[in-house]
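Let me begin by presenting the structure, written as structure tokens, before commenting on it.
The values are calculated or read from the model by the stated rules, or taken from the named source; none is laboratory data. Keep in mind that what you see is a predicted model, and the values were worked out from it rather than measured. Note that we place each Cβ from the backbone using ideal geometry, even for glycine, and neighbour counts take in every protein chain shown.
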Amino acid sequence: MVVRWGQGAEQTFDASIAKLQSLVRTCSPITLLSHFAYFDMAFYENYSADSEYSPVEQHNVEILQALILAIPETEIRNEHPSGVLRTEINEQLKTVGLAFAFKRLANERGLETIIRELARTGTQTVRNPGTQGQVQGNLKALFSPLDSLLLEKKGVSFSGLCTVCEGFVQQIIARINSHRKIMQRCFQESNRESMIQSFGRTFGLSESEMTYLSGEYLQLCSSLQDTKAALFHYSERVFPRMFSTNLHELVGMYPGSIDPMILKEALSVWSLKFGALSSSPIEYLFLSNPVWQKPFIELSEGLYFWPVFPSFISFGMEMLEAQIETDQRLKDAYHEQRAKFTEDKTAEMLSSFGSNVRVLRNLRWKDLETGKDLENDILVLLDTHAIIVECKSGRIKDAARRGGKSLEESLKKLIEEPTEQGFRFERFLRNSQGPVRFTTDQGITEEIDPTQIRSYTRLNILLDYWGPLACQDKLLRKIGMIKCSAPAAVSMALVDLENLLFLIEAPAQRLHYLHRRASLERTFEILGDELDLIAYYLGDGQWPTDPEVKISVSSASRKLDSFLRRRDLGLSKKVPKLKLNKWWNDLLEKVEKKAFRGWSEAAIILLSFPYQNQETYWSLVESTLTETASNPTQTEGREIICTAYPTPEETVGLATHVTTRGTSDENREKSSRAINEVANMASHPTRLLAITIFPDTYPYANLCLGIA
């Protein structure tokens, strides 16, 4: 059945590609691309299911641009594309995209195919792993230290090229908004004739054009609504200007002075002309499209057309890397800068993880098992919890993104090796019998006492974006693509760490998310990326207890888009809140504020209970509190309330001792009793928390931690 489905997709793909190649040759390709740039990339960006038009996505428009660039300039036509033609191309682009993804099922099967298809699908369709503000900020921070080298080599700077791209995009958006406002003003006219006259004045139409417009063009438009639709359609003739600019304007966008010919040379690296892709194999366009790195179409000498204007956010790194491709000195400096940027940015973000956090960098240590001198990138100490961080700035190979054999090599370099490195360092710390001194790259001596660390989380921060593959440790091990014996660490992109710290503000919740995230990946096969998992966490998603269950959280991240967009727009911060029972929330706030030794463990236990369990448990505690306050003797024998909850790799236990006040010794004894009771009630609990609460000491009087 699957094979036949794949064979059907192959036939559909071939037919749809042939149809598209024919359709794009029947009209003006620039006008056609302009329509898709205006409507699909901008106007219907936030369309709903009720919209009259269902837009294609960015990757579809990229395919359209590549097909158009295969047409020789001598065969370009000038006819205006009709609405029927645009609709048919819209449908064919969607069809060919799906068919390309499914047609490999005719020849490939098995779990390994699923992983390779995840890589291919991500390459084909996923754009903008970070938000616009994130990407622009990171690109400037990454490349600007190399400005002087590029200036020396090419006479332009990376910062200047970023500013030119941003300026071009801003110009396009301003023109789109201006067009909309102009049309709105025209449509405010009260009658048909004044509307036509206003339209003509606004667009500077000649007398002959006005005669044609009022007569032949609008002859079938009797109603005001029909006239509006026809006038808007006529205004689409200016669409190509919206997405075009000339060299003189781009020079004006460059910060400071620059020789136009020098800028033109840099822009040539990002530009293609008609006919440039005439010999490109069609299949390559879906997984290695030249327009990703060269998104500009040079229409004539010094005139540039940029229909997929969001592409700098999607492929800005590839575009800037293309500027240094032929210079080994620049490439070497860039690789060093990439590693420095990844570590510096990660350390900076983790320094704001919470109060009293200690961030140590580049700790040198000797592995006693192998005798090798090794180095840990970043160690974060928060209370009795340690986060071991390894940073990887390497890029995923293009062939790996296409699901090729080098996928295993990229996984090994960027996920498997840092996982092993972090695990070796964790084992070294666990085996230490007392304080340890480290020397850093800078010659600084740092001392920590690993015996004071109760628990560990390992984190791999990647500059590049793996998407769902970064969350697929269990499946990757099952098929042998990851072979290391070290248990999975959390592997996430740098932008995802930034989003995590933005969306989750409480240090306890940040820690709990990361700590649980690793165990989830080790236990379940998960379909979704990091932002999907964050959204699921904030939505109080409950994970199953059966490790054979496959979990899909794909697309859950859409709930977070509006919050992240506010950040880019500079609006006041607004983030989703984890749903907590009021008592639970008050407990956590007090625990974080007091910051006693072991507060992080208490927080992990409390946050491991889903909201519904919190509600049920608090109702028992509350009723016992009420009875104890009125008559302590009536609660004898049931003053300790126990509960447990199975997380993927352990069971957490919680006991609350509701009692009247006692001496310090009596209260300690009560806590011990509570710990013992919860330890006895649950099967294999590994984290235990006992809470003593008096009727007049809300939210608690004492806390006691235990391990069983």
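Would you say ARG430 is of a type in the set (Lys, Arg), touching a Ser or Thr at 6+ places or on another chain (Cβ under 8 Å), on the phi < 0 side of the Ramachandran plot and exposed (fewer than 14 other Cβ atoms within 10 Å of the Cβ)?
It is false that ARG430 is of a type in the set (Lys, Arg), touching a Ser or Thr at 6+ places or on another chain (Cβ under 8 Å), on the phi < 0 side of the Ramachandran plot and exposed (fewer than 14 other Cβ atoms within 10 Å of the Cβ).
So which residues in the range 541-593 are of a type in the set (D, E, K, R), more than 19 Å from PRO648 (Cβ to Cβ) and over 19 Å from the mean Cα position of the chain (by Cα)?
Residues of the range 541-593 of a type in the set (D, E, K, R): 546, 548, 550, 558-559, 561, 565-568, 573-574, 577, 579, 582, 586, 589-590, 592-593.
When the remaining residues are screened for being more than 19 Å from PRO648 (Cβ to Cβ), the result is 558-559, 561, 565-568, 573-574, 577, 579, 582, 586, 589-590, 592-593.
Within the range 541-593, LYS577, LYS579, LYS582, ASP586, GLU589, LYS590, GLU592, LYS593 meet the criteria.
Taking interchain pairs and intrachain pairs at least six residues apart, which have beta carbon atoms under 9 angstrom, with the first residue in the range 240-265 and among the acidic types (Asp, Glu) and the second in a helix (DSSP H, G or I)?
Sorted first by the residue in the range 240-265, then by its partner, the pairs are GLU249/GLY167; GLU249/PHE168; GLU249/GLN171; ASP259/VAL251; GLU265/LYS154.
Out of the residues in the range 546-571 that are touching a Ser or Thr at 6+ places or on another chain (Cβ under 9 Å) and not charged (D, E, K, R), state the one that is surrounded by the fewest Cβ atoms within 10 Å (Cβ to Cβ).
PRO547
Looking at the range 240-259, which of its residues are in a helix (DSSP H, G or I) and either touching a Lys or Arg at 6+ places or on another chain (Cβ under 6 Å) or surrounded by 14 or more Cβ atoms within 10 Å (Cβ to Cβ) (or both)?
Just the residues of the range 240-259 that are in a helix (DSSP H, G or I), to begin with: 240-242, 247-253.
Residues satisfying the conditions are PRO240, MET242, LEU247, GLU249, LEU250, VAL251, MET253.
What about LEU330, is it over 21 Å from the mean Cα position of the chain (by Cα), hydrophobic (A, V, I, L, M, F, W, C), more than 16 Å from GLU62 (Cα to Cα) and not in a helix (DSSP H, G or I)?
Numbers: over 21 Å from the mean Cα position of the chain (by Cα): yes; hydrophobic (A, V, I, L, M, F, W, C): yes; more than 16 Å from GLU62 (Cα to Cα): yes; not in a helix (DSSP H, G or I): no.
Judged against the criteria, LEU330 is not a match.
Yes/no per residue for (1) in a helix (DSSP H, G or I); (2) at pLDDT below 90; (3) over 23 Å from VAL269 (Cβ atoms); (4) in the same structural domain as VAL56 (by TED's automatic domain parsing):
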position: THR113; (1), (2), (3), (4): yes, yes, yes, yes
position: GLU117; (1), (2), (3), (4): yes, yes, yes, yes
position: ARG120; (1), (2), (3), (4): yes, no, yes, yes
position: GLN136; (1), (2), (3), (4): yes, no, no, no
position: LEU139; (1), (2), (3), (4): yes, no, no, no
position: LEU146; (1), (2), (3), (4): yes, no, no, no
position: LEU149; (1), (2), (3), (4): yes, no, no, no
position: GLU152; (1), (2), (3), (4): yes, no, no, no
position: GLY160; (1), (2), (3), (4): yes, no, no, no
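Every residue, every condition in (1) of a type in the set (A, V, I, L, M, F, W, C); (2) in contact with a strand residue (DSSP E or B) (Cβ under 8 Å, 6 or more places away or on another chain), yes or no:
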site	(1), (2)
LEU350	yes, yes
VAL357	yes, yes
TRP365	yes, yes
GLY371	no, no
THR384	no, yes
GLY404	no, no
LEU411	yes, no
ILE415	yes, yes
GLN421	no, yes
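Right, THR419: in contact with a Cys (Cβ under 8 Å, 6 or more places away or on another chain) and not hydrophobic (A, V, I, L, M, F, W, C) or not?
Numbers: in contact with a Cys (Cβ under 8 Å, 6 or more places away or on another chain): yes; not hydrophobic (A, V, I, L, M, F, W, C): yes.
For THR419, the condition - in contact with a Cys (Cβ under 8 Å, 6 or more places away or on another chain) and not hydrophobic (A, V, I, L, M, F, W, C) - is met.
Out of PHE187, PHE143, report the one residue that is under 33 Å from the mean Cα position of the chain (by Cα) and on the phi < 0 side of the Ramachandran plot.
The unique qualifying residue is PHE143.
Give the residues of the range 495-517 that are modelled with pLDDT under 95 and closer than 13 Å to TRP543 by Cβ, sorted by residue number.
Selection gives ARG516, ARG517.
Return the pairs, sorted by first residue and then second, in which the second residue is among the aromatic types (Phe, Trp, Tyr), the first residue lies in the range 75-104 and is in a helix (DSSP H, G or I), the beta carbons are less than 7 Å apart, and the residues are 6+ apart or on different chains.
VAL96/PHE13; ALA99/PHE13; PHE100/PHE13; PHE100/PHE286; PHE102/TRP5; LYS103/PHE13
Looking at GLU649, GLU639, which is the one that is out of contact with any Cys (no Cβ under 9 Å at 6 or more places or on another chain) and surrounded by 18 or more Cβ atoms within 10 Å (Cβ to Cβ)? So that I can check it myself, show each step before the final result.
Values: GLU649 fails: surrounded by 18 or more Cβ atoms within 10 Å (Cβ to Cβ).
None of the others qualify; the one that does is GLU639.
If I ask for residues that are crowded, with 19+ Cβ neighbours inside 10 Å and assigned to a loop (DSSP other than H, G, I, E, B), which ones from the range 55-69 would you list?
Residues satisfying the conditions are PRO55, VAL56, LEU69.
For the range 375-413, name all the residues that are charged (D, E, K, R), touching an Asp or Glu at 6+ places or on another chain (Cβ under 9 Å) and assigned to a loop (DSSP other than H, G, I, E, B).
If the condition is that a residue be charged (D, E, K, R), touching an Asp or Glu at 6+ places or on another chain (Cβ under 9 Å) and assigned to a loop (DSSP other than H, G, I, E, B), then ASP383, ARG395, LYS397 are the ones that fit.
Just checking, does the range 356-371 include any residue being surrounded by 17 or more Cβ atoms within 10 Å (Cβ to Cβ), outside the structural domain of ALA101 (by TED's automatic domain parsing) and of a type in the set (S, T, N, Q)?
yes
For the range 441-520, list the strands (runs of 3 or more DSSP E) that sit wholly inside it and hold at least 2 residues that are among the hydrophobic types (A, V, I, L, M, F, W, C), buried (at least 21 other Cβ atoms within 10 Å of the Cβ) and under 20 Å from the mean Cα position of the chain (by Cα); which are they?
Working: elements: 445-448, 455-462, 490-493.
Once the strands (runs of 3 or more DSSP E) in the range 441-520 are filtered for at least 2 residues that are among the hydrophobic types (A, V, I, L, M, F, W, C), buried (at least 21 other Cβ atoms within 10 Å of the Cβ) and under 20 Å from the mean Cα position of the chain (by Cα), what remains is 455-462, 490-493.
So which pairs qualify, if the first residue must be in the range 342-360 and without any contact (Cβ under 8 Å) to a residue 60 or more places away in the chain and closer than 17 Å to ALA386 by Cβ, the second must be among the polar types (S, T, N, Q) and surrounded by fewer than 19 Cβ atoms within 10 Å (Cβ to Cβ), the Cβ gap must be under 6 Å, and the two must be at least 6 apart or on different chains?
If the second residue must be among the polar types (S, T, N, Q) and surrounded by fewer than 19 Cβ atoms within 10 Å (Cβ to Cβ), the pairs left are VAL359/SER351.
Inspect all residues belonging to the range 163-179 and state whether any of them is hydroxyl-bearing (Ser, Thr, Tyr), closer than 22 Å to PRO468 by Cβ and either modelled with pLDDT under 90 or outside the structural domain of CYS471 (by TED's automatic domain parsing) (or both).
Within the range 163-179, the subset hydroxyl-bearing (Ser, Thr, Tyr) is 163, 178.
Those still in the list that are closer than 22 Å to PRO468 by Cβ too: none.
Checked against the condition, which is being hydroxyl-bearing (Ser, Thr, Tyr), closer than 22 Å to PRO468 by Cβ and either modelled with pLDDT under 90 or outside the structural domain of CYS471 (by TED's automatic domain parsing) (or both), the range 163-179 yields no hits at all.
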